[in-house]
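Okay, structure first, notes after.
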Amino acid sequence: MKYLIIGAGGTGGLLGYKLTKGGKDVTLIARGEHLKAIQEHGLTIHKIWDEQRESLPVKAVPEAEYQERPDVILVCVKGYSLDSVYPLIRRVAGPDTVVIPILNIYGTGGRMQEELPGILVTDGCIYVSANIESPGVLLQHGEICRVVFGVRNKDEYRPVLADIAADLEESGIRGVLSENIQRDALQKFSYVSPIGAVGLHYQCAAGEIQKEGEPREMFKAMIREIIALAGAMDIHFEQDLVEVNLNILSELAPEATTSMQRDVMAGKDSEIDGLVYQVVRLGKKYGVPMPQYEKAAAELRRGMQAK
């Protein structure tokens, strides 16, 4: 199968690297100095936990030069850039192409499906922590790399989805074809949203949340608020998400931060609306108290206004 990955940052770049290393036919859509470096020197993964570096030639092109018909499109951009990918997808996707969004924002697949009628858009999420360290180099903060994806409606299932999961597994990526992707995507959200919000609120890295103290307690409280919100949405979890997310947190390097946190601190566009403010809005919609999220959202808004 031909894979097209839109976005070559910490998510898309790492997936492209691993799939290429696994012998799959992969093309990355990248731009600027990052694209130039990948084309000239390959893509390098810098593993922060052991300081090892691995480089590999990876096929990367600018959007305008991509002329193939992909079987699978992995969308790995930030939520605020989502509208920009629709023209490319409409141009290159065929009737059998599968689009898998790998974004932090809950419910992305359903919103994309409305924009892409006639093309199967699943939901999806990823457990990974990585970012662009320099052009052509990705800094990976932990060994975890797990993609969870699936259709929202069972009658949309296609056998090719199992083939995609197998390709991921063969490439060293934990590929999970979910039977309840809305639950599983919200489970991922219950990790990425609290850790980003807490990191911003306390202006701290993972190490401060890994040890006992106020940041860790706020992290756990926010997870519980999302569990309560999920219950109001008739989504129920089989695991203790506080324990699950603390285990994920423990695998990160102490200096790891989230992409939302890095973007906000750098004064760039960020996913703060979808990862923090949207949770407050959903709490009001479903009548669920969200005191920790409301506290964080109010202080973050004041901080943004002050800038």
Run the dipole for region 15-82 about the Cα centre, Lys and Arg Cβ at +1, Asp and Glu Cβ at -1, nothing else charged, and hand back the magnitude in debye, nearest 20. 120
Ratio of region 65-133's C-alpha Rg to 2.2 N^0.38 Å, to two decimals? 1.10
Scan region 1-35 for trypsin sites (Lys or Arg not before Pro) in coil per DSSP, keeping those whose Cβ has at most 15 other Cβ atoms within 10 Å, and list them by number. Arg31
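Computed from the mean reciprocal separation of all distinct C-alpha pairs, what Kirkwood hydrodynamic radius does region 1-97 have, in Å?
When all Cα pairs of region 1-97 are included, the Kirkwood radius is 13.8 Å.
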Stretchable slack from Arg90 to Arg216, in nm (0.36 nm times residue separation minus alpha-carbon distance): 41.0 nm
Karplus-derived HN-Hα couplings along region 65-72 (A = 6.51, B = -1.76, C = 1.60, θ = phi - 60°), whole Hz, x at Gly and Pro: 8, 7, 10, 8, 10, x, 7, 9
Note the angle between two axes, namely the Cα long axis of helix 291-306 and the longest principal axis of the Cα atoms of the chain, as a number of degrees from 0 to 90, rounded to the nearest 10. 70
Place a +1 charge on the Cβ of each Lys and Arg in region 191-284 and a -1 charge on the Cβ of each Asp and Glu, then give the dipole magnitude about the Cα centre in debye, rounded to the nearest 20. 240
Contact order relative to length of the chain, as percent, for alpha carbon pairs under 8 angstrom and 6 or more apart: 16
Gain in span if fully extended, Arg111 to Arg53, counting 0.36 nm per residue against the direct Cα distance: 17.1 nm
Using 1/(1 + (r/R0)^6) with R0 = 25 angstrom and r between the beta carbons of Arg158 and Lys2, what's the FRET efficiency to the nearest 0.05? 0.95
The chain: angle of helix 12-21 to the longest principal axis, Cα-based, in degrees nearest 10: 50
In whole percent, the fraction of accessible protein surface over the chain that belongs to carbon or sulfur atoms, probe radius 1.4 Å, stands at 47
Just to confirm, what accessible area per residue do you get for region 9-63 at 1.4 Å probe, in whole Å²? 47
Cα-Cα P(r), region 176-243, percent of pairs per 10 Å interval: 21, 48, 25, 6
Qualifying aspartates and glutamates (Cα of each under 18 Å from Cα of Lys59; at least 8 residues distant if same chain): Asp25, Glu33, Glu40, Glu68, Asp71, Asp167
Against the 2.2 N^0.38 Å scaling, with N counting residues, where does region 117-158 land? I'd like the Cα-based Rg ratio to two decimal places. 1.68
Of Leu15, Ile226, Val58, whose Cα points farthest to the positive end of the dipole of the chain (charges on the beta-carbon: +1 Lys, Arg; -1 Asp, Glu; origin at the Cα centre)? Ile226
Positive-end extreme of charge dipole, the chain - chosen from Leu177, Val151, Met290 (charges on Cβ): Met290
Placing each pseudo-label 7 Å from Cα in the direction of the beta carbon, Met265 and Arg301 end up separated by a distance in nanometres of 2.5
In terms of Cα to Cα distance under 23 Å, which lysines are near enough to Lys295, apart from those fewer than 8 places away along the same chain? Lys188, Lys211, Lys220, Lys268, Lys284, Lys285, Lys307
Give me, ordered by chain and number, the residues 5 or more places off Leu74 or on other chains with an amide H under 5 Å from its own placed amide H. Leu4, Ile5, Ile6, Ile100
Solution diffusion estimate, µm²/s, Stokes-Einstein, region 144-200, Kirkwood Rh from C-alpha pairs, 20 °C, viscosity 1.002 mPa s: 171
Looking at the calculated P(r) for the chain, what percent of the C-alpha pair distances fall above 23 Å? 55
Output needed: percent of Cα pairs per 5 Å distance bin for region 144-303, bins running from 0 to the one holding the longest distance. 1, 9, 16, 19, 19, 16, 11, 6, 3, 0
Charge dipole of region 233-289 about the Cα centre (unit charges at C-beta), most positive-ward option of Met260, Asn245, Tyr277: Tyr277
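The values are calculated or read from the model by the stated rules, or taken from the named source; none is laboratory data. Here the structure is a predicted model, which means the values were calculated and not measured. No Cβ is skipped: glycine too gets one built from the backbone with ideal geometry, and neighbour counts run over all protein chains shown. Heavy atoms of the whole protein, side chains included, go into the accessibility calculation; ligands, DNA and RNA do not. Shrake-Rupley method; radii C 1.70, N 1.55, O 1.52, S 1.80 Å.
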